[in-house]
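Notes follow the structure.
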Amino acid sequence: MLKSYLKIAWRSLSKDRIHSFINVSGLAVGIAVVLLVGLWIWDELRFDAYNQNYKTIAQIARKEVSKSEVYISEGSNHFPIPLADELRKNYNELFRHVSLATGRSSHVVLFNDNRHTAQGIFAEKDFTDIFTLKLVAGSKAGFSDPNTILLGQSVAHSLFGGTDAVGKIVKLDNLQPVKVIGVFEDLPLNNSFSGVGFFCPYDLLVNTNEGVKDNLTNWSNSSFFVYAEVQPGIPEDHISDVIKDVYWSKIKNSTAQIPGNKVELFLHPMKDWHLRSEWKNGVHSGGQIQIVRLFGWIGTFVLLLACINFMNLSTARSGKRVKEVGVRKTMGSNRNQLVKQFLGEALLMVVLAFVVGTGIVLASLNWFNEIAGKNIAFPFSNMWFWLFATTFVLMTTLISGSYPAFYISSFNPVQVLKGGFQAGRSAGVLRKALLMIQFVVSIVLITGTIVVYRQIQLAKNRPIGYDRNGLVRIMMNTPDLKGKYDVLQKELLSSGGAVGFAQSSSAATENNYFDDHFEWEGKNLKPHGQSFALTAVTPEYGKTVGWQFVEGRDFSRDLTTDQSAIVLNEAAVKYMGLPHPVGKSIRWNSHQFTVIGVIKDMVKESPYKPVGQGLFFMVPDIGPEITIRLNPQLSAATAISKIEPIFKRLDPSAPFDYTFVDDEYARKFATEQRIGTLSEVFALLAVLISCLGIFGLASFMAEQRVKEIGIRKVLGASVYTIWQLFSKDFVVIVLVATFIATPIAYYVAHNWLEGYEYKTDLSWWIFVVTGIGILLITLVTVSVHAIKAALANPVRSLRTE
């Protein structure tokens, strides 16, 4: 029986090849989208799962609590050095491991003449117990020795080639010799520490950095991260309640604190770092999880469109199989057997579509990875994937094939064999309803794509408070350049390749240091103590990056009083409530500073958020960031060729690595750009699937009404009249779908934009253009068959009458 079903199913598919092609290709595209989206979602949900204990790993964070709100700032995970030791010693019943760690920073690792610039982290020994590092050589047991290093596999290969790196002595920043004790497997892209090329003991930083050494017991300098692995079985909320006052007990008597406010610690679990990173009034308000849900719905809807096509075309073509059903029922087949047969045909088609869809995924996976910023591999060896695939095929078969199967098997054999059968009116109504759903989904996807594009363009065109064109960033990773500021500046400017040169503690596109220990007149009126982003700069920094002054002046190397001067951004002035701050005094950690200028806000963090309060202070020679403005009269390549030899001569131990500031700024759009690109692709595929369905239905209508069209032509109907006859039903469906889809699209787009503080508006023309676009696409698709039918010779269609 099964063999007979398969034979009949295959004959049916091969007999009507156009119908079969439309169904298989539509389903294949839908399945390919679902597979790609599913693999992407799985990769996102498994973010940081590389760590064996990631369910019990957390980061210590803080929230500022006032009477009116709970505030969590961007600097909420930065802490002073003593906090980790406090938690480790006094709360060991809550934590298995606690580790202090720096953020990642760029350093030069040298071995003989080989040099490699890599991102590195300095951390306490417990760090290697908290996080999983899969060693391919050596051991992490000696990580407590301050003169050791763990190298990533790619860094080790760059330095040593195929030889064993363990036991070798390398130099860090051409300053400190350290011994390689282990080589770890490069961390995957879906890992919070992806791209980190080495780990060094925190004690090495203490031994080589006087600033760190001076702050070992200082509770007011917040520059480090604190990670922990909690004891199994203890709820996170309970731990947060127990430790919430640890930090506050050390700083509450500080004069910088605002009366009535309080700082509380809490745990931020690793499973939420990537997916739930946004806060509102102390509660998770979203993050990457919103994008995961969005693409989950998109994948579901695209597959739904393909299933609708299958159902529509199968029921539309059912008239061709009425006699087959009638004969089978007359010969003794019952309805269950017919249902099985038609479901078997649907299963065969879905299996073919799944094979084709898998081929599409394999062919496009490299492109998809590039767009999505992933390194996803097709899970051929994963039994869970094939279990999911089997379930998915069966579910798709039921969704797409159940109605056609039950509908076709319900035909009355007497009516069928007498030739009096006509498809029920309900079938036509259902086809129109399903087609309308297709249009609704397509309109929502296209509208969402336009909104995403507008949001990206809004942020790209946002004033950023400085001129990033022609700016180059270079890290001063070795001590060779220290003390050579004047020489380097003079030679670079005289080379003709640069017209500006400055140093700073952080790049033009980053904030690395936050502090809230400030006092000023009227501070106690503020609702919460939000941290300031601090940047130390050399006097030429403002001129080099192109500061735009609102009030006051820039730093001057000739004025010794500017050693105690600061420049504020507009956000800081607004936050502090100082309408004319120039000349006002601000106290920072018991030091008195005078405001000499106010600049327009520099967009250093997310371009989709308001700029936070920033404060710049002058240091005559500060690193490690070097910012250079290239000569605008020269090409970038020519200008770089002029400055490169100078760096190589003055800093021979470091590779000449540089980045353009506008490229770094562009990376801030990476997530939204990926969303936009993927949305465009999925929207186009949704429209393609809908067009396939319209094409198939228009073909069916042309075939069904061929004699009617012949009679109309004989009676004098024009091509336009016949085209209008074909098109009017589809036009009505599109108009109704637009009416239904517009509020849905508005709701979805509005909710997505709510995740951004700096956002575009939802203009009415977006919905009008989308509706008109869908209408034009529909008319073009229908016109192919309408005009073909209108131009056909009526003699052929009426010959048998």
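The values are calculated or read from the model by the stated rules, or taken from the named source; none is laboratory data. A quick note: this is a predicted structure, and the numbers were derived from the prediction, not measured. So basically every Cβ, Gly included, is an ideal-geometry build from the backbone, and we count neighbours across all protein chains shown. Please note that ligands, DNA and RNA were not included when accessible areas were found on the heavy atoms of the full protein model with its side chains. Shrake-Rupley method; radii C 1.70, N 1.55, O 1.52, S 1.80 Å.
Taking the conditions exactly as written (farther than 25 Å from residue 47 by Cα and open to solvent by less than 60 Å² (accessible area, probe 1.4 Å)), does residue 348 satisfy them or not? I'd like the intermediate steps shown before the answer.
Working: farther than 25 Å from residue 47 by Cα: yes; open to solvent by less than 60 Å² (accessible area, probe 1.4 Å): yes.
Spelling it out, residue 348 is indeed farther than 25 Å from residue 47 by Cα and open to solvent by less than 60 Å² (accessible area, probe 1.4 Å).
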Output the number of the condition that residue 64 fails; it satisfies all remaining conditions of (1) under 22 Å from residue 236 (Cα atoms); (2) at pLDDT 85 or above; (3) outside any loop (DSSP other than H, G, I, E, B); (4) not aromatic (Phe, Trp, Tyr).
(2)
Residues of the range 158-181 being assigned to a loop (DSSP other than H, G, I, E, B) and touching a residue at least 12 places away in the same chain (Cβ under 8 Å), which ones?
164, 165, 166, 167, 168, 173, 174, 175
Among the candidates 603, 582, 595, which residue alone is buried (at least 22 other Cβ atoms within 10 Å of the Cβ) and not in a strand (DSSP E or B)?
603
State all residues of the range 220-257 that are open to solvent by 50 Å² or more (accessible area, probe 1.4 Å) and not in a loop (DSSP other than H, G, I, E, B); if no residue qualifies, say none.
236, 237, 238, 241, 242, 249, 250
If we keep just the residues of the range 657-683 that are within 30 Å of residue 116 (Cα to Cα) and open to solvent by less than 20 Å² (accessible area, probe 1.4 Å), which is modelled with the highest pLDDT?
661
May I ask you to say which residue of 138, 167 is over 26 Å from the mean Cα position of the chain (by Cα), surrounded by fewer than 16 Cβ atoms within 10 Å (Cβ to Cβ) and modelled with pLDDT of 90 or more?
167
Give all pairs with beta carbons closer than 6 Å in which a residue from the range 773-798 that is over 13 Å from residue 720 (Cα atoms) and at pLDDT below 70 meets a residue that is in a helix (DSSP H, G or I) and open to solvent by 40 Å² or more (accessible area, probe 1.4 Å); count only pairs at least 6 apart in sequence or on separate chains.
794/713; 794/714; 797/706; 797/707
Residue match in the range 555-577 (condition: of a type in the set (S, T, N, Q), closer than 17 Å to residue 505 by Cβ and under 32 Å from the mean Cα position of the chain (by Cα))
yes
When residue 488 is run through (1) open to solvent by 30 Å² or more (accessible area, probe 1.4 Å); (2) assigned to a helix (DSSP H, G or I); (3) in contact with a Leu (Cβ under 9 Å, 6 or more places away or on another chain), the failure sits at (1)
Please tell me if residue 753 is modelled with pLDDT under 80 and aliphatic (A, V, I, L, M).
no
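Go through the range 611-634 and give me each residue that's under 33 Å from the mean Cα position of the chain (by Cα) and under 19 Å from residue 657 (Cα atoms). Walk me through it before giving the result.
Here is the first cut: in the range 611-634, the residues under 33 Å from the mean Cα position of the chain (by Cα) are 611-616, 623-630.
Answer for the range 611-634, where residues must be under 33 Å from the mean Cα position of the chain (by Cα) and under 19 Å from residue 657 (Cα atoms): 623, 624, 625, 626, 627, 628, 629, 630.
Does residue 191 satisfy the condition of being surrounded by 18 or more Cβ atoms within 10 Å (Cβ to Cβ) and either out of contact with any strand residue (DSSP E or B) (no Cβ under 8 Å at 6 or more places or on another chain) or on the phi > 0 side of the Ramachandran plot (or both)? Outline the logic, then answer.
On the way: surrounded by 18 or more Cβ atoms within 10 Å (Cβ to Cβ): yes; either out of contact with any strand residue (DSSP E or B) (no Cβ under 8 Å at 6 or more places or on another chain) or on the phi > 0 side of the Ramachandran plot (or both): yes.
Answer is yes for this residue.
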Yes/no for residue 611 being outside any helix (DSSP H, G or I), open to solvent by 10 Å² or more (accessible area, probe 1.4 Å) and within 30 Å of residue 672 (Cα to Cα)
yes
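Within the range 356-381, track down each residue that is assigned to a loop (DSSP other than H, G, I, E, B) and exposed (fewer than 13 other Cβ atoms within 10 Å of the Cβ). First the steps, then the outcome.
We begin by selecting, within the range 356-381, every residue assigned to a loop (DSSP other than H, G, I, E, B); these are 373-381.
Across the range 356-381, the qualifying residues are 373, 375, 377, 380, 381.
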Would you mind stating whether residue 115 is open to solvent by 70 Å² or more (accessible area, probe 1.4 Å), modelled with pLDDT under 90 and part of a strand (DSSP E or B)?
yes
What pairs come up if the first residue lies in the range 546-575 and is β-branched (Val, Ile, Thr), the second is open to solvent by less than 80 Å² (accessible area, probe 1.4 Å) and assigned to a loop (DSSP other than H, G, I, E, B), and their beta carbons are under 8 Å apart, counting only those six or more places apart or on different chains?
567/547; 567/554; 567/555; 573/581
Of all residues in the range 597-618 being touching an Asp or Glu at 6+ places or on another chain (Cβ under 7 Å) and among the aliphatic types (A, V, I, L, M), the one that is farthest from residue 539 (Cα to Cα):
611
Might you check whether a residue that is surrounded by 18 or more Cβ atoms within 10 Å (Cβ to Cβ), at pLDDT 90 or above, out of contact with any helix residue (DSSP H, G or I) (no Cβ under 9 Å at 6 or more places or on another chain) and not in a loop (DSSP other than H, G, I, E, B) occurs anywhere in the range 513-533?
no
Going by the conditions given, is residue 645 over 30 Å from residue 293 (Cβ atoms) and part of a loop (DSSP other than H, G, I, E, B)?
no
Can you tell me which condition residue 626 does not meet? The list is (1) part of a loop (DSSP other than H, G, I, E, B); (2) open to solvent by less than 10 Å² (accessible area, probe 1.4 Å); (3) not aromatic (Phe, Trp, Tyr), and all the others hold.
(1)
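Mind listing whichever residues of the range 629-641 are assigned to a strand (DSSP E or B) and over 30 Å from residue 564 (Cβ atoms)? Spell out how you get there, then give the answer.
As a first pass, look at the range 629-641 and keep what is assigned to a strand (DSSP E or B): 629-630.
Within the range 629-641, just 630 meets the criteria.
Of a type in the set (A, V, I, L, M) and not in a strand (DSSP E or B), is that true of residue 84? I'd like the intermediate steps shown before the answer.
Details: of a type in the set (A, V, I, L, M): yes; not in a strand (DSSP E or B): yes.
Against the criterion (of a type in the set (A, V, I, L, M) and not in a strand (DSSP E or B)), residue 84 qualifies.
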What number of residues in the range 207-219 are open to solvent by 20 Å² or more (accessible area, probe 1.4 Å) and touching a residue at least 40 places away in the same chain (Cβ under 8 Å)?
6
Can you name every residue in the range 78-89 that is open to solvent by 40 Å² or more (accessible area, probe 1.4 Å) and in contact (Cβ under 8 Å) with a residue 60 or more places away in the chain?
86
